[in-house]
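First up is the structure itself, then whatever we jot down about it.
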Amino acid sequence: MTSFDPNTLALSCRRLFLRDHVVDMTIGAHAFEKGRKQRVIFNVELFVPYACSTPTTDQLDEVVDYDYVREVIHQRVQAGHIQLQETLCDDLATRLLAHPQVLAVRLSSCKPDVYPDCAGVGVEVFRAKPSL
């Protein structure tokens, strides 16, 4: 494989996902956001080659465990306040890509309670390991 574009990944990888994972955390650059927790909704997709994610004995250690994604998010939340969703998403994508079986990550965060006149504000990133 010479590049990790989403179309190539879709054909060669299993897509694992965690949808609408809600976490209370301290995040925000505005004064009204500081000093209080707010809901952040995460959606994560991991692209893992079929060769690394097709179980032969139906055992958890043959695949990437969903708990890995939840733990990475939990560890970052526990590290303390972060101002920008951009920084948060970039950091989480880097951490998730550290898993040896993960080739690419699509990740979004959404703050649904910031403004009363919209359903949410958020950021999405797509990151892939360097081409082989």
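The values are calculated or read from the model by the stated rules, or taken from the named source; none is laboratory data. In this text the structure is predicted, and so the values were computed from the model without any measurement. When we count neighbours, we look across all protein chains shown, and the Cβ atoms used for this are built from the backbone with ideal geometry, even at glycine.
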**Study point:** Residues (among the charged types (D, E, K, R), under 12 Å from the mean Cα position of the chain (by Cα) and either closer than 18 Å to V40 by Cα or not in a strand (DSSP E or B) (or both)) located in the stretch 117-132
**Key:** E124
Check your understanding: Which one of R76, R95, R14, R19 is charged (D, E, K, R) and out of contact with any helix residue (DSSP H, G or I) (no Cβ under 7 Å at 6 or more places or on another chain)?
Key -> R19
Exercise for review: Considering (1) under 16 Å from the mean Cα position of the chain (by Cα); (2) modelled with pLDDT under 95; (3) not β-branched (V, I, T), say which one S108 fails and leave the rest.
Suggested key: (2)
Exercise for review: List the number of the failed condition for A98; all other conditions in (1) surrounded by fewer than 16 Cβ atoms within 10 Å (Cβ to Cβ); (2) within 16 Å of R127 (Cα to Cα); (3) in contact with a Pro (Cβ under 6 Å, 6 or more places away or on another chain) hold.
Suggested key: (3)
Practice item. Tell me, please, whether a residue that is under 23 Å from L9 (Cβ atoms), at pLDDT 90 or above, under 11 Å from the mean Cα position of the chain (by Cα) and not hydroxyl-bearing (S, T, Y) can be found in the stretch 50-66. Key: no
Check your understanding: Does T8 satisfy the condition of being within 17 Å of Q101 (Cα to Cα), at pLDDT below 95 and not aromatic (F, W, Y)?
Key -> yes
Check your understanding: All but one of (1) modelled with pLDDT of 95 or more; (2) crowded, with 16+ Cβ neighbours inside 10 Å hold for R70; which doesn't?
Key -> (2)
Check your understanding: Can you name every residue in the stretch 83-132 that is closer than 19 Å to E71 by Cβ, acidic (D, E) and in contact (Cβ under 8 Å) with a residue 24 or more places away in the chain?
Key -> D90
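Kindly indicate whether F42 is among the hydrophobic types (A, V, I, L, M, F, W, C) and touching a residue at least 40 places away in the same chain (Cβ under 8 Å). Explain how you work it out, then say what you get.
Working: among the hydrophobic types (A, V, I, L, M, F, W, C): yes; touching a residue at least 40 places away in the same chain (Cβ under 8 Å): yes.
Answer is yes for this residue.
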Practice item. Can you work out which of the residues in the stretch 111-132 that are modelled with pLDDT under 95, among the aliphatic types (A, V, I, L, M) and under 30 Å from H99 (Cβ atoms) is surrounded by the fewest Cβ atoms within 10 Å (Cβ to Cβ)? Key: L132
Check your understanding: Does the stretch 18-40 include one or more residues that are farther than 22 Å from V121 by Cα, surrounded by 16 or more Cβ atoms within 10 Å (Cβ to Cβ) and within 18 Å of the chain's Cα centre (by Cα)?
Key -> no
